Amino acid sequence: MEYQIVPIGERHIAGFHAALDIVSKEKKYLAFLEAPPLDSTAAFVRDNIKNDHPQFVVLAGEQVAGWCDIIPSSRPSQAHVGVLGIGLLPAFRGRGIGRQLMTVTINKARDKQMTRIELGVREKNDNAIALYKRLGFAMEGLRRQVMRVDGVYESLYMMALLF
């Protein structure tokens, strides 16, 4: 399966929105249960492009098969901190693509002078937790019952990578 990792561009907005919706509707990985409206997703992407925030997509041909972004804090005292988000369509998982995608995005965050990258991961998402640890993220805590999906509470591990 051939793919490429590229910075997100205007032409990827609809595909990013579609991929976000697919992963969200799995109800296993993201805080979203469906993608936000296309216009707010487009505004998010355009803001990232305008401000050169780290956001990359995985392309399989013209299809957006995944994404990773690191959004810096808007607070001046936390300008060195970014929050990581990632998702891959099911057919692209377990192939090392997520690791490559995160590495590219993390390197861009480092180039942008971010020295701390944070993320939240559902406590039962063992594959993601193992990947984050391999990339140097450390556990910082557990937010208990922070999510409720279909009536079931879930907790999130908070992890961070420091440079």
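The values are calculated or read from the model by the stated rules, or taken from the named source; none is laboratory data. Note that this is a predicted model, so its numbers are computed, not measured. With ideal geometry, Cβ positions are generated from the backbone for all residues, glycine too; neighbour counts draw on all protein chains shown.
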Tell me the residue from GLY151, GLY141, GLY87 that is touching a strand residue (DSSP E or B) at 6+ places or on another chain (Cβ under 7 Å), farther than 20 Å from ARG46 by Cα and not hydrophobic (A, V, I, L, M, F, W, C), please. GLY141
Restricting attention to segment 63-84, and to residues there that are within 22 Å of LYS25 (Cα to Cα) and surrounded by fewer than 18 Cβ atoms within 10 Å (Cβ to Cβ), which single residue is farthest from the chain's Cα centre (by Cα)? GLN63
Quickly run through segment 9-64 and pick out the residues that are acidic (Asp, Glu), modelled with pLDDT of 95 or more and part of a loop (DSSP other than H, G, I, E, B). GLU26, GLU34, ASP52
Would you check if there is a residue in segment 139-162 being over 16 Å from the mean Cα position of the chain (by Cα), modelled with pLDDT of 95 or more, within 23 Å of HIS17 (Cβ to Cβ) and of a type outside the set (D, E, K, R)? yes
Strands (runs of 3 or more DSSP E) fully within segment 82-162 counting 1 or more residues that are hydrophobic (A, V, I, L, M, F, W, C) and free of Cβ contacts under 8 Å to residues at least 24 places away in the same chain: 138-149, 152-162
When the residues of segment 105-163 are narrowed to those that are surrounded by 13 or more Cβ atoms within 10 Å (Cβ to Cβ) and acidic (Asp, Glu), which ends up farthest from GLU34 (Cα to Cα)? GLU118
Do you know which residues across segment 45-58 are among the hydrophobic types (A, V, I, L, M, F, W, C) and surrounded by 18 or more Cβ atoms within 10 Å (Cβ to Cβ)? VAL45, PHE56, VAL57, VAL58
